[in-house]
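Worksheet for the structure shown next.
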Amino acid sequence: MVTIERDMFRFRRRVPGHVPDQGRCHSLIELSADGRFVLLHLASVSWFSVALSRKATLRLLHLLDEPEPDRIPARRGAGECWVVVRPSDRAVLPAVRRRDGPAVELSLSSRDREIRIVFVDTELHDLRRDLTAAYLQLEPS
Amino acid sequence: MTVPSLPGTYWAYYTDESGNRAVLTIELANRRIALTTSAGERLLLSPTELGMLQENLECVAQNIMSSLGRDL
């Protein structure tokens, strides 16, 4: 089994977001110990932790601006999965946030579990900023 | 494919104490300049503090250049 080691001290960011119909949460962005992967811990839940290659991270940064849904490949444990990126349906947001700026949803399905996280306005800005910093710090491939 | 730009946000590189290449995020936050280290430490500088930092960095840079000149 191939596992990717974390390095919690080299790079670490906490990005706020919303789990539809549940409330606020924080997701973590870290780098792998070898500096080759961005580790995205959606809602800070290990079950929903994925490793993104340099290429997938750059693709994710571009998809945050795209009007159509798309997906990026990711590694989860020893297997592979897809992270889906789509403009968010505003109805799933708390009423006070529905008029805010752009909103993007990241979702991940894993066997019988699924998580959707919506990043709105300043949260989306924070996600872009912190993902970009993580990408720039990845080791060149 | 290049990295999408993020208005008002800039990045610079430095070396951390373990010798790793690290990224410094530079942005404006509530009328202060925010410098965020790779490990997530956030330094907030007022315009005056930023001016003092710039002056002192220039002094250090001049010292380094003069010592390099002496060594040549």
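Pulled fully out, how much extra length does the chain show between B:Ala29 and B:Thr2, if you take 0.36 nm times their separation in residues and subtract their Cα-Cα distance?
7.2 nm
Across chain B, where is the longest run that never hits GluC sites (Glu not before Pro) in a DSSP loop with at most 16 other C-beta atoms within 10 Å?
B:42-72
Restricting to Cα pairs below 8 Å that are 6+ residues apart, what does the relative contact order work out to for the range B:9-71? Please round to a whole percent.
18 percent
How big is Rg to Rh over chain A, alpha-carbon atoms, Rh as the Kirkwood inverse-mean-distance radius?
0.95
Other chains near A:51-63: what is the mean number of their Cβ atoms within 10 Å of each residue's Cβ?
Counting Cβ atoms of other protein chains within 10 Å of each residue's Cβ and averaging gives 1.
Take every Cα pair under 8 Å in chain A that's 6+ residues apart, average their separations, divide by the length, and report that relative contact order as a whole percent.
RCO, chain A: 24 percent.
Within chain B, which trypsin sites (Lys or Arg not before Pro) sit in a loop by DSSP and count at most 15 neighbouring Cβ atoms inside 10 Å?
B:Arg31
Is the shape of the range B:9-71 rounded, prolate or oblate, going by the alpha carbon gyration tensor and its root eigenvalues a ≥ b ≥ c, with a/c under 1.5 for rounded and a/b larger than b/c for prolate?
oblate
Calculate the mean, over all residues of peptide A:119-125, of how many other protein chain Cβ atoms lie within 10 angstrom of the residue's Cβ.
That average works out to 1.
Inside 10 Å of the C-beta atoms of A:128-137, what's the mean count of C-beta atoms belonging to other chains?
6
Kindly state, to the nearest 0.05, the FRET efficiency for A:Glu5 paired with A:Glu66, given R0 = 45 Å and r defined as their beta-carbon distance.
The pair A:Glu5/A:Glu66 has a calculated efficiency of 0.90.
Every read-out reported here was derived from the displayed coordinates using simple, explicitly stated rules and does not represent laboratory data. These figures come from a predicted structure and were not determined experimentally. Cβ coordinates were reconstructed from backbone atoms using ideal geometry, including for glycine residues, and neighbour counts include every protein chain displayed.
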